[in-house]
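Novice: Pasting a structure here, questions to come.
The values are calculated or read from the model by the stated rules, or taken from the named source; none is laboratory data. Quantities reported herein were computed from a predicted structural model and do not represent experimental measurements. Cβ sites come from the backbone with ideal geometry, for glycine too, and all protein chains shown count toward neighbours. Just the protein is used for accessible areas: all its heavy atoms, side chains included, with ligands, DNA and RNA removed. Shrake-Rupley method; radii C 1.70, N 1.55, O 1.52, S 1.80 Å.
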Amino acid sequence: MASKERDPLDPVRGRKLLVEGGPSFHDLTEQVCTPVEQPGLAWWLAFLPALGGLSIFGVSLFWLLWRGVGIWGLNNPVDWGWAIVDFVFWVGIGHAGTLISAILFLFRQQWRTAVNRSAEAMTIFAVICALTFPTFHTGRPWVIYWALPLPNQMQMWPNFRSPLLWDVFAVSTYFTVSLLFWYVGLIPDLATMRDRATTKIRRFAYGLFSLGWRGSTRHWQHYEKAYLLLAGLATPLVLSVHTIVSFDFAVSQLPGWHTTIFPPYFVAGAIFSGFAMVLTLLIPIRKWYGLEHIITIKHLENMAKIILLTGSMVGYAYAMEFFIAWYSGNPYESFAFVNRAFGPYAWAYWIMISCNVITPQLVWFKKIRRSPVALFVLSIFVNIGMWFERFVITVTSLSRDFLPSSWDYYSATIWDVGMLVGSFGLFFTLFCLFIRYLPMIALAEIKAVMPAANPHPPGDDH
Amino acid sequence: MAEPKQVSKQASKQKKFGVLAEYDSAAAIFKACEKVRDAGYKRWDSYTPFPVHNLDKAMGIKPSVLPWIVFACGMTGAASGLLLQWWSSTIAYPLVIAGKPLFSFQANVPVTFELGILFSAFGAVFGMLGLNKLPQLYHPLFNIARFARATDDRFFIAIEASDPKYDLEKTRKLLEETAAVAVEEVDD
């Protein structure tokens, strides 16, 4: 088995071949563009359930706007319920896309070219889902612009000392930069779609959005510089975003929240959950769209290793939180953690531990690392676990703070569930539209890392 | 000409964009670009479906000035972020929060940082588009059927008629001597 499972090697670099089966540049264009131009029936099988989910979102939002946030299960100590849990969950999902597109680019991890386009799309859609929650949680979303430093008739300005305001800046910057980065990457591929277009509408639409790109080397030079700079900007940005999200909690005084471990722990958790979502999306898609030679088993293996690394960091953080709670000698802090593991929300805590600490450790086994089915199942567990992590952090600390007389148990209502399920509907609808209309593999980038792209082939006297 | 009637007066006076040569590999266009560069042409370009490594050097193009634009934008963004917070919390709306000073830079780092990044990203994207003179939805090369493969799997060099060294026969010959698979004249 060992010899059979060896990956084919690149003749120039002597490393694992990124695209298997030795397709020509044109073959690759065909393989990536044809599903967009001639979609199969399978796409509808994914799109219709996604639309169903989106309609749940619509109904939940309508009822929310009609009745107010009272339809959620919020109560007095737990003013932040699922809305904040879902917000942090979705923002975290987005982080893997930026890690793949920016950080792996800076580290020259060329395998990222097969997955970066779809991961970046995932980032953008996840941030859209995330932003809906705090927007509607304000209760009066029509005055959400109060969060922005705009001159107004009340002559009031936002409180720049508040982490919630930092969040407004961080998440909106993150969304804007992710969208720009994604679009810049798309321009050459939209030009490919334009030049292949057979109908007028396609030619016009792809032509408009490709901005007249013609692959000029003088353009590529500025383009590559812009891409590198965006990667360099997105890297500290993505680390800052979840750091600031964690400040929402860490800057408050609540036991269980007020800890310095939060920023790194949140960032690791975000990347952990995001990679799980990348696997959840790409494992079925590579199969349905016949892209298994582009998004190879080695790509899945690499992502699984990142899940193992970040999952272990998250596990370490859980342990360290407990240690520090005891070592600090602060009775409130120790109580908060004992309460997490053995209090009324122990069920949630142990779901979190088993999904986030135990399942990623299975990746140590090569058989599991290289099995798409096993990785898919594992990624679902991680998604669930990371949602519960945010639930545990948010709800356990709020429901039992310093004063037992203000304690209360929190449970969600059907409308909380509707919002969460609905946000998945929104996410999958957007993702389906993405794979329907845009090339989901970064063609220009993947062509550039193939052996034939090397201008100095072996034996060249250059 | 053998059949002068078929060439209308307008068509014969049609301005020419230049000469286009097609190549079938990254290695071929790399060598061809070096030749055109060494022949001393200035107004010419190569077109590839993906960025060919170091092709800009083979063409003799100066490095991009984009980083300076981005740096200026980033500094502007960070400065305006800091200024906005300082002005709004000390002059426009002085309000003591949690007994802290009206202005202290520590609390203002996140917004300053984010605005610096935001402006830099705008600078990178719009600066790149500006330097490339995009969007430019029309280009004479788009009229050439074979040029559609510039975004697929073929590589092209176009030497423009406006180049001082341009001479249809000589330029054509130079391109034919490289490993071009096809050479043709392009109307403007």
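Conditions tested, residue by residue: (1) open to solvent by 10 Å² or more (accessible area, probe 1.4 Å); (2) touching a Lys or Arg at 6+ places or on another chain (Cβ under 8 Å); (3) under 18 Å from A:LEU279 (Cα atoms).
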| residue | (1), (2), (3) |
| --- | --- |
| A:ARG340 | no, no, no |
| A:VAL382 | no, no, yes |
| A:PHE388 | yes, no, no |
| A:ARG400 | yes, no, no |
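Novice: When the residues of the stretch A:142-162 are narrowed to those that are among the aromatic types (Phe, Trp, Tyr) and more than 8 Å from chain B (Cβ to nearest Cβ), which ends up most open to solvent (accessible area, probe 1.4 Å)?
Specialist: The extreme case among them is A:TRP142.
Novice: Right, another one. Which members of the stretch B:24-47 meet the condition of being away from chain A (no Cβ under 11 Å) and open to solvent by less than 10 Å² (accessible area, probe 1.4 Å)?
Specialist: B:VAL36
Novice: All but one of (1) within 8 Å of another protein chain (Cβ to nearest Cβ); (2) open to solvent by 30 Å² or more (accessible area, probe 1.4 Å); (3) free of Cβ contacts under 8 Å to residues at least 60 places away in the same chain hold for B:GLN85, so report the exception by its number.
Specialist: All conditions pass for B:GLN85, except number (2).
Novice: Considering each residue of the stretch B:103-148, count those that are in contact (Cβ under 8 Å) with a residue 40 or more places away in the chain and either open to solvent by 20 Å² or more (accessible area, probe 1.4 Å) or under 26 Å from B:ASP187 (Cα atoms) (or both), and give that number.
Specialist: Of the residues in the stretch B:103-148, the ones in contact (Cβ under 8 Å) with a residue 40 or more places away in the chain are B:116-120, B:122-124, B:127-128, B:131, B:140-141, B:143-144, B:146-147.
Right, trim to either open to solvent by 20 Å² or more (accessible area, probe 1.4 Å) or under 26 Å from B:ASP187 (Cα atoms) (or both) and you get B:118-119, B:122, B:131, B:140-141, B:143-144, B:146-147.
Going through the stretch B:103-148 one residue at a time, the tally reaches 10.
Novice: Return the residues of the stretch B:115-126 that are within 22 Å of A:ARG214 (Cα to Cα) and at the interface with chain A (Cβ under 7 Å from one of its Cβ atoms); say none if nothing qualifies.
Specialist: B:ALA124, B:VAL125
Novice: Can you find even one residue in the stretch A:188-199 that is surrounded by fewer than 22 Cβ atoms within 10 Å (Cβ to Cβ) and facing another protein chain (nearest Cβ under 8 Å)?
Specialist: Yes, the stretch A:188-199 contains a residue that is surrounded by fewer than 22 Cβ atoms within 10 Å (Cβ to Cβ) and facing another protein chain (nearest Cβ under 8 Å).
Novice: Can you tell me which residue is nearest to A:CYS129 (Cα to Cα) among those in the stretch A:432-457 that are among the charged types (D, E, K, R) and within 14 Å of chain B (Cβ to nearest Cβ)?
Specialist: Step one: list which residues in the stretch A:432-457 are among the charged types (D, E, K, R), which gives A:436, A:445, A:447.
Checking which are within 14 Å of chain B (Cβ to nearest Cβ) leaves us with A:445, A:447.
Details: A:GLU445: 28, A:LYS447: 32 Å.
Taking the candidates together, the pick is A:GLU445.
Okay, residues lined up against (1) closer than 27 Å to A:LEU104 by Cα; (2) in a helix (DSSP H, G or I); (3) open to solvent by less than 20 Å² (accessible area, probe 1.4 Å):
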site	(1), (2), (3)
A:GLY212	no, no, yes
A:ALA226	yes, yes, yes
A:LEU229	yes, yes, no
A:ILE244	yes, yes, yes
A:GLN253	no, no, no
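Novice: Hey, can you tell me all the residues within the stretch B:144-159 that are in a helix (DSSP H, G or I) and basic (Lys, Arg)? Give the steps one after another, and end with the answer.
Specialist: Just the residues of the stretch B:144-159 that are in a helix (DSSP H, G or I), to begin with: B:145-151.
Residues satisfying the conditions are B:ARG146, B:ARG149.
Novice: Considering only the stretch B:160-170, I want to know if a residue exists there that is part of a helix (DSSP H, G or I), buried (at least 19 other Cβ atoms within 10 Å of the Cβ) and not small (Gly, Ala, Ser).
Specialist: no
Novice: Only one of these conditions is not met by B:ILE97: (1) surrounded by 17 or more Cβ atoms within 10 Å (Cβ to Cβ); (2) within 7 Å of chain A (Cβ to nearest Cβ); (3) closer than 16 Å to A:SER162 by Cβ; (4) not basic (Lys, Arg). Which number is it?
Specialist: (1)
Novice: Does the stretch A:166-182 contain at least one residue that is open to solvent by 10 Å² or more (accessible area, probe 1.4 Å), outside any helix (DSSP H, G or I) and facing chain B (nearest Cβ under 9 Å)?
Specialist: Residues of the stretch A:166-182 that are open to solvent by 10 Å² or more (accessible area, probe 1.4 Å), as a first pass: A:166-169, A:172, A:175-176, A:178-180, A:182.
Among the residues that remain, those that are also outside any helix (DSSP H, G or I) are: none.
Within the stretch A:166-182, not a single residue is open to solvent by 10 Å² or more (accessible area, probe 1.4 Å), outside any helix (DSSP H, G or I) and facing chain B (nearest Cβ under 9 Å).
Novice: Just for the stretch A:22-35: of the residues that are surrounded by 18 or more Cβ atoms within 10 Å (Cβ to Cβ) and under 27 Å from the mean Cα position of the chain (by Cα), which one is modelled with the lowest pLDDT?
Specialist: Of the stretch A:22-35, the ones surrounded by 18 or more Cβ atoms within 10 Å (Cβ to Cβ) are A:25, A:28-29, A:31-33, A:35.
Now narrow it down to the ones that are under 27 Å from the mean Cα position of the chain (by Cα): A:28-29, A:31-33, A:35.
Values: A:LEU28: 92, A:THR29: 93, A:GLN31: 92, A:VAL32: 92, A:CYS33: 92, A:PRO35: 88.
Going through the qualifying residues, I end up with A:PRO35.
Novice: Would you point out which residue out of A:THR113, A:THR135 is at pLDDT 90 or above, open to solvent by 30 Å² or more (accessible area, probe 1.4 Å) and assigned to a helix (DSSP H, G or I)? It would help to see each step written out before you state the result.
Specialist: On the way: A:THR113 fails: open to solvent by 30 Å² or more (accessible area, probe 1.4 Å).
None of the other options fit; the residue is A:THR135.
Novice: What about A:THR429, is it more than 14 Å from chain B (Cβ to nearest Cβ), over 18 Å from the mean Cα position of the chain (by Cα), of a type in the set (Ser, Thr, Tyr) and assigned to a helix (DSSP H, G or I)? Spell out the reasoning first.
Specialist: Values: more than 14 Å from chain B (Cβ to nearest Cβ): yes; over 18 Å from the mean Cα position of the chain (by Cα): no; of a type in the set (Ser, Thr, Tyr): yes; assigned to a helix (DSSP H, G or I): yes.
So A:THR429 does not fit the description; no.
Novice: Quick check: anything in the stretch A:32-55 in contact with a Pro (Cβ under 8 Å, 6 or more places away or on another chain) and more than 28 Å from A:ALA130 (Cα to Cα)?
Specialist: Yes, the stretch A:32-55 contains a residue that is in contact with a Pro (Cβ under 8 Å, 6 or more places away or on another chain) and more than 28 Å from A:ALA130 (Cα to Cα).
Novice: Another question about this same structure. In contact with a strand residue (DSSP E or B) (Cβ under 9 Å, 6 or more places away or on another chain), facing another protein chain (nearest Cβ under 7 Å) and either among the polar types (S, T, N, Q) or within 15 Å of B:PHE126 (Cα to Cα) (or both) - does that describe any residue in the stretch B:48-66?
Specialist: Taking every residue of the stretch B:48-66 in turn, at least one turns out to be in contact with a strand residue (DSSP E or B) (Cβ under 9 Å, 6 or more places away or on another chain), facing another protein chain (nearest Cβ under 7 Å) and either among the polar types (S, T, N, Q) or within 15 Å of B:PHE126 (Cα to Cα) (or both).
Novice: Okay, moving on. Could you check the stretch A:273-363 for helices (runs of 4 or more DSSP H) lying wholly inside it with 2 or more residues that are touching a residue at least 60 places away in the same chain (Cβ under 8 Å)? It would help to see each step written out before you state the result.
Specialist: On the way: elements: A:297-327, A:331-342, A:346-353.
The helices (runs of 4 or more DSSP H) meeting that bar are A:297-327, A:331-342.
Novice: I'm checking my understanding of the structure. Among residues of the stretch A:21-42 that are in a loop (DSSP other than H, G, I, E, B) and out of contact with any Asp or Glu (no Cβ under 8 Å at 6 or more places or on another chain), which one is nearest to A:LYS200 (Cα to Cα)? Please lay out each step first, then the result.
Specialist: Narrowing the stretch A:21-42 to residues in a loop (DSSP other than H, G, I, E, B): A:21-24, A:38-41.
Subset that is out of contact with any Asp or Glu (no Cβ under 8 Å at 6 or more places or on another chain): A:21-23, A:38-41.
Values: A:GLY21: 34, A:GLY22: 33, A:PRO23: 30, A:GLN38: 16, A:PRO39: 18, A:GLY40: 21, A:LEU41: 24 Å.
This residue is A:GLN38.
Novice: If you check A:ALA250, A:ALA226, which single one turns out to be small (Gly, Ala, Ser) and modelled with pLDDT under 95?
Specialist: Values: A:ALA226 fails: modelled with pLDDT under 95.
Answer to the check: A:ALA250.
Novice: Out of all the residues in the stretch A:268-284, which are open to solvent by 10 Å² or more (accessible area, probe 1.4 Å) and not hydroxyl-bearing (Ser, Thr, Tyr)? Break it down into steps so the answer makes sense when it comes.
Specialist: First, the residues of the stretch A:268-284 that are open to solvent by 10 Å² or more (accessible area, probe 1.4 Å): A:271, A:280-281, A:283-284.
Within the stretch A:268-284, A:ILE271, A:LEU281, A:ILE283, A:PRO284 meet the criteria.
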